[in-house]
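The values are calculated or read from the model by the stated rules, or taken from the named source; none is laboratory data. Because the structure is predicted, anything quoted here is derived from the model rather than measured. With ideal geometry, Cβ positions are generated from the backbone for all residues, glycine too; neighbour counts draw on all protein chains shown. Side chains included, ligands, DNA and RNA excluded: accessible areas come from the protein's heavy atoms. Shrake-Rupley method; radii C 1.70, N 1.55, O 1.52, S 1.80 Å.
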Amino acid sequence: MKEGPDIARVAALLGDPARANMLTALMSGRALTAAELAQEAGVTPQTASSHLAKLEAGQIVIPRKQGRHRYFTLSGPDIVEALEVLMGIASRVGHNRVRTGPKDPALRKARVCYDHLAGEMGVALFSGLEARKLISTDHNGVALTDAGADFAEAFGINLNELRTSRRPLCRECLDWSARQSHLAGSFGAALLDRFYDLGWAHRSKESRVVIFSPEGERNFKALCDS
């Protein structure tokens, strides 16, 4: 018997089309009910419950109860990272969904990947921070530089609070649509939250799309190009 992690079991849980649709919906970082996930997957509530039971048993999703409702979230940001990588592979080898819609360009431009910015604007943010030497990348991954720490504090981000978390401060996440890196980790999430707080952008209520105002997009571009 082979030793080590059983990737076949995880792959089987992720590989079912209905479950894949559910997990993609949860990449927004929002907790969703079984009924909402059934609608996302295009299956009956009974079938959705069966799928969710398997995902829960496999520790891919976590249930949360509030009042009479039971909500589901992804068990961690590493699930999002795996899904983004798989989506990138599917896009590269031509395994794309037949149906497209008006949200597709918006998703490619700017979207939430769990709790950080992805899409073309997410990649631009990563590239801009790297060009300004606010983050550095090497074989060990991504790190916030001293200049980056000064920038974060000036931008209104409490790094001391972020550093108390067990979560990595900075991490690369491969963007499925741009096929380049965007910034994940607690710092990546804090940057997106700060964009919201400043009124530069807001999240769509219907999808993972992040919508920047014209002024917000100008400010964002200036941040990346400074």
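Work out from phi, with θ = phi - 60° and the Karplus expression 6.51 cos²θ - 1.76 cosθ + 1.60, the ³J(HN,Hα) of each residue of the stretch 124-137, listed in order in whole Hz, and give x for Gly and Pro.
4, 5, 4, 5, x, 5, 5, 5, 7, 6, 8, 10, 10, 10
Which far-off residues, 5 or more places away or on another chain, put their amide H under 5 Å from the one on Ile135, with H placed in the peptide plane?
Glu130, Thr145
Order the peptides 32-38, 151-157 from the highest to the lowest mean number of other Cβ atoms within 10 Å of their residues. Show your work: numbers first, answer last.
Working: 32-38: 18.9, 151-157: 14.3.
My ranking of the peptides, most packed first, is 32-38, 151-157.
Can you list the residues of the stretch 11-34 with backbone N under 19 Å from a point 7 Å past the Cα of Ser50, pointing along Cα to Cβ?
Within reach of a label on Ser50, which here means backbone N under 19 Å from a point 7 Å along Cα→Cβ, the stretch 11-34 contributes 12-23, 34.
Using the Cα centre of the chain as the reference point, and only Cβ charges (+1 on K/R, -1 on D/E), how large is the resulting charge dipole? Debye, rounded to the nearest 20. Let's see the in-between values first.
Working: 29 positive and 26 negative charges, 157 e Å.
Dipole magnitude for the chain comes out near 760 debye.
Assuming R0 = 35 Å, can you tell me the calculated FRET efficiency for the pair Arg163 and Arg9, based on Cβ-Cβ distance, to the nearest 0.05?
Values: r = 35 Å, r/R0 = 0.99.
For R0 = 35 Å, the calculated efficiency reads 0.50.
Just the number please: accessible area per residue for the stretch 1-150, 1.4 Å probe, all protein chains included, in Å². Kindly include the intermediate steps, with their values, before the conclusion.
Numbers: 8800 Å² over 150 residues.
I get 59 Å² per residue for this part.
What ranking, highest mean first, results for peptides 78-84, 52-58 when packing means the other Cβ atoms within 10 Å averaged over each residue? Present the calculation step by step, with values, prior to reporting the outcome.
Numbers: 78-84: 18.6, 52-58: 16.1.
My ranking of the peptides, most packed first, is 78-84, 52-58.
Cα axis of helix 77-92 to longest principal axis of the chain: angle in degrees, 0 to 90, nearest 10?
Around 90 degrees separate the two axes.
Under unit Cβ charges (Lys, Arg +1; Asp, Glu -1), what dipole magnitude, rounded to 20 debye, does the stretch 47-154 have relative to its Cα centre? Don't jump to the answer; show the numbers that get you there.
Working: 14 positive and 12 negative charges, 181 e Å.
My answer is approximately 860 debye.
Over the stretch 130-184, what percent of the accessible surface lies on carbon and sulfur atoms, probe 1.4 Å? Write down the numbers at each step before the final one.
Details: 1500 of 3260 Å².
Exposed carbon and sulfur together represent 46 percent of the surface.
Which one of Gly141, Gly122, Gly42 has the biggest mean-square fluctuation once the chain is modelled by GNM with Cα springs under 10 Å?
Per the Cα network of the chain with a 10 Å cutoff, Gly141 tops the list.
Among the trypsin sites (Lys or Arg not before Pro) within the stretch 156-226, which fall in a DSSP loop and have no more than 13 other Cβ atoms within 10 Å of their own Cβ?
On the way: sites: Arg163, Arg166, Arg171, Arg179, Arg194, Arg203, Lys205, Arg208, Arg218, Lys221; in loops: Arg166, Arg179, Lys205, Arg208.
Sparse-neighbourhood loop trypsin sites (Lys or Arg not before Pro): Arg166, Arg179, Lys205.
In degrees, nearest 10, range 0 to 90: what is the angle between the Cα axis of helix 185-197 and the longest Cα principal axis of the chain?
Compared with the principal axis, the helix lies near 80 degrees.
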